[in-house]
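Chemist: To start, I am sharing the structure in question, which I have written as structure tokens.
The values are calculated or read from the model by the stated rules, or taken from the named source; none is laboratory data. Predicted model, so just to flag it, every value in this text is computed and none were measured. Here the Cβ positions follow ideal geometry from the backbone for every residue, glycine too, while neighbour counts run over all protein chains shown. Heavy atoms of the whole protein, side chains included, go into the accessibility calculation; ligands, DNA and RNA do not. Shrake-Rupley method; radii C 1.70, N 1.55, O 1.52, S 1.80 Å.
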Amino acid sequence: MLLTGRFMLRSLSVASSPSTPTLQEIASNHPAGIAKVVLKKGKTQLFKDGSPMVYSGAVDRVIGRPPPTTGDIVLVADGTEKPIGWGFYNSTSMFRVRLMQQEEETAQDPSSALNPEKLLETRIAAAAMLRQNLGLPSAHTNAYRLVNSEGDRLSGLIVDIFGDLAVIASSAAWVQMYQHQIMDCLSRLNIIKRISWRPTIEILKEEGLDLSDLKKPDLIIPQTRVKTGFYADQRENRCFLSTISEGRRVLDICCYTGGFALSAASGGALDVIGVDTSLPALQLAKENVALNGLDPRRISFLRQDATEFMKAAVSRNESWDIIILDPPKLAPRKKVLKSASGMYRNLNYLAMQLTKRGGLLMTCSCSGAMTQSGMFFRILQGAASMAGRKITVVREAGAACDHPIDPAYLEGAYLTNILLRVL
């Protein structure tokens with residue numbers, strides 16, 4: 001398959017015929033033998049409808065001797081033991097199986113059935129084609145997400161592109177175990193010259209992996225370390241900010257490496273201040289000012305706690321035309337949602353006090369638990385009441401288009417970006 005102009009991967013063949021074997025027949029002929037994970041009564045339809053994550057509570061029994069171990073390919077079957085798909089097993093994780101391909105798909109693409117290498121090739125090629133159709137990379141940006149986990153039907157795998165560098169974030173046991181194959185597929189895309197492999201240590205521990213035993217892969221192309229990641233998910237929201245910043249005073253709270261601050265400055269903001277606690281991030285932000293040819297007299301960065309900075313600014317009766325509030329993930333799990341709600345409320349309460357009446361507050365949450373709870377608007381209204389201000393929702397957005405979401409797995413939606421008018 002030729003991916004016109006930007007991507008190239010070796011040709012893929014998809015064939016089906018009336019004699020195409022069933023998934024069960026393919027499994028029966030598999031030399032290693034394939035175990036079967038049987039779902040509980042009433043749980044099958046969810047996964048037939050496309051949900052990729054089989055939770056441990058949905059599993060009735062596992063058929064196979066010896067039993068499957070983490071990373072093994074397994075069939076997922078209904079109560080009658082009829083396969084509905086296949087995926088990767090994990091004996092430890094709450095995600096007992098990550099479904100990769102459904103039964104009906106094997107008839108359309110039998111070469112990928114129970115074949116991780118072929119499936120990776122097919123899915124990564126499809127992901128690359130989608131980005132090309134979305135105009136990425138473009139004359140305006142060469143930083144974007146190439147593979148977005150469940151959104152590209154490769155649960156646990158994230159690949160971000162920065163020019164000719166691919167940064168792979170691994171958060172599933174199967175991804176670690178197939179790292180050679182993943183990098184092989186990526187290295188054959190003609191835009192990629194370098195690869196950095198970055199396992200997500202905390203999540204992989206939950207996956208049951210002893211990271212001290214992980215072996216570094218022999219890279220096909222040189223590995224390059226990067227100081228930090230970049231949040232491409234806010235790219236379109238930053239672009240929008242640049243269109244409304246001309247002649248405004250802008251405050252970027254939790255600015256990280258300055259994405260929003262620089263966008264405001266490039267859009268003609270009179271004065272921009274970025275605040276963050278991370279010294280390395282702020283050093284990169286200052287470098288980015290120079291790299292983008294921006295006037296350093298109009299944009300500055302302060303290393304300070306967000307709450308302390310805003311409280312002090314409130315005490316001085318300061319205000320800004322536009323404020324961006326993009327805190328780190330405050331609710332990584334549902335169990336901390338209540339405490340995180342209080343933190344979001346207090347941060348927005350302070351930010352609203354610092355917003356000029358009639359000004360704009362762009363407030364964000366990158367916590368999936370918060371976004372999926374539907375509570376964010378209520379929290380913002382609570383913050384407005386505390387601040388004695390009236391708010392109006394002007395714009396609501398999420399992650400950029402290169403972060404697709406599988407509607408069968410809405411848990412993949414994590415980013416909320418709300419633009420408020422504050423009166």
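Chemist: Candidates (1) 30.8; (2) 53.8; (3) 22.3; which is the computed mean projected area of the Cα convex hull in nm²?
Modeler: Answer by label: (3).
Chemist: Specify the inter-centroid distance of region 230-286 and region 94-136, based on alpha-carbon positions, in whole Å.
Modeler: 36
Chemist: Something else now. If you roll a 1.4 Å probe over the heavy atoms of the protein chains, what accessible area per residue do you get for the chain, in Å²?
Modeler: Details: 19510 Å² over 423 residues.
In whole numbers, the chain has 46 Å² accessible per residue.
Chemist: Now a separate question. Can you list the aspartates and glutamates whose alpha carbon sits under 13 Å from that of LYS193, skipping same-chain ones fewer than 8 residues off?
Modeler: ASP164, ASP184
Chemist: Next question, about the same structure. If I compute solvent accessible area with a 1.4 Å probe over the protein chains, what percent of it on region 356-407 is carbon and sulfur?
Modeler: On the way: 1240 of 2260 Å².
Carbon and sulfur together cover 55 percent of it.
Chemist: Let me ask something additional. What is the Cα centroid distance between region 306-358 and region 380-423, reported in whole angstrom?
Modeler: Taking the Cα centre of each part, region 306-358 and region 380-423 sit 14 Å apart.
Chemist: Students sometimes get this wrong: rank ILE191, ILE63 by accessible area, probe 1.4 Å, all chains present, largest first.
Modeler: Numbers: ILE191 35, ILE63 65 Å².
Ranked list, largest accessible area first: ILE63, ILE191.
Chemist: Hey, what do the phi angles of region 45-55 turn into as Karplus ³J(HN,Hα) couplings, whole Hz, using 6.51/-1.76/1.60 and θ = phi - 60°, x for Gly and Pro?
Modeler: 4, 3, 8, 5, 6, x, 4, x, 10, 8, 6
Chemist: Let me ask something else. How large is the helix-only mean residue ellipticity at 222 nm for the chain, computed as the sum of -39500 (n - 2.57) over DSSP H runs with n ≥ 4, divided by its residue count, in deg cm²/dmol to the nearest 500?
Modeler: Values: 14 runs with 131 residues, N = 423.
Mean residue ellipticity at 222 nm (helix-derived): -9000 deg cm²/dmol.
Chemist: For region 87-145, which whole percent of the accessible surface, found with a 1.4 angstrom probe, sits on carbon and sulfur atoms? Display every interim value, and only then the final one.
Modeler: Numbers: 1140 of 2150 Å².
About 53 percent, which is the carbon plus sulfur part of the accessible surface.
Chemist: I'd like the FRET efficiency for THR277 and GLU25, computed as 1/(1 + (r/R0)^6) with the beta carbon distance as r and R0 of 56 Å, rounded to 0.05.
Modeler: On the way: r = 58 Å, r/R0 = 1.03.
The computed FRET efficiency comes out at 0.45.
Chemist: Which lysines does LYS205 reach when only Cα atoms under 22 Å apart count, and residues fewer than 8 places away in its own chain are ignored?
Modeler: Reachable lysines: LYS215, LYS216, LYS329, LYS334, LYS335.
Chemist: In addition: Once Lys and Arg get +1 and Asp and Glu get -1 on their Cβ, which of SER112, PRO332, THR92 lies farthest toward the positive end of the dipole of the chain?
Modeler: PRO332
Chemist: Something else: Using Cα springs under 10 Å in a Gaussian network model of the chain, which residue among VAL175, VAL74, VAL289 shows the largest mean-square fluctuation?
Modeler: Maximum fluctuation in the GNM of the chain, among the listed residues, is at VAL289.
Chemist: With +1 on each Lys and Arg Cβ and -1 on each Asp and Glu Cβ, and nothing else charged, work out how big the dipole of the chain is about its Cα centre, in Debye to the nearest 20. Don't skip to the end; give the middle numbers.
Modeler: Values: 49 positive and 40 negative charges, 238 e Å.
Dipole magnitude for the chain comes out near 1140 debye.
Chemist: Looking at GLY268, VAL289, THR355, which one has the Cα that reaches farthest to the positive end of the dipole of region 217-368 (charges on Cβ: Lys, Arg +1; Asp, Glu -1)?
Modeler: Towards the positive end, the residue furthest out is THR355.
Chemist: Still on this structure: Under a Cβ-only charge scheme (Lys and Arg +1, Asp and Glu -1), can you give me the dipole magnitude of region 20-129 about the Cα centre, in debye to the nearest 20?
Modeler: Details: 12 positive and 12 negative charges, 98 e Å.
For region 20-129, the charge dipole is close to 460 debye.
Chemist: For ARG249, what is the net charge nearby, where nearby means another residue's Cβ is under 11 Å from its Cβ and Lys, Arg count +1, Asp, Glu -1? Intermediate values should be presented prior to the final figure.
Modeler: Working: positive: ARG248, ARG298, LYS356; negative: ASP271, GLU318, ASP321.
Net local charge, ARG249 excluded: 0.
Chemist: Among the lysines, select those whose C-alpha is under 17 Å from the C-alpha of LYS40, and discard any that sit fewer than 8 residues away in the same chain.
Modeler: LYS48, LYS82
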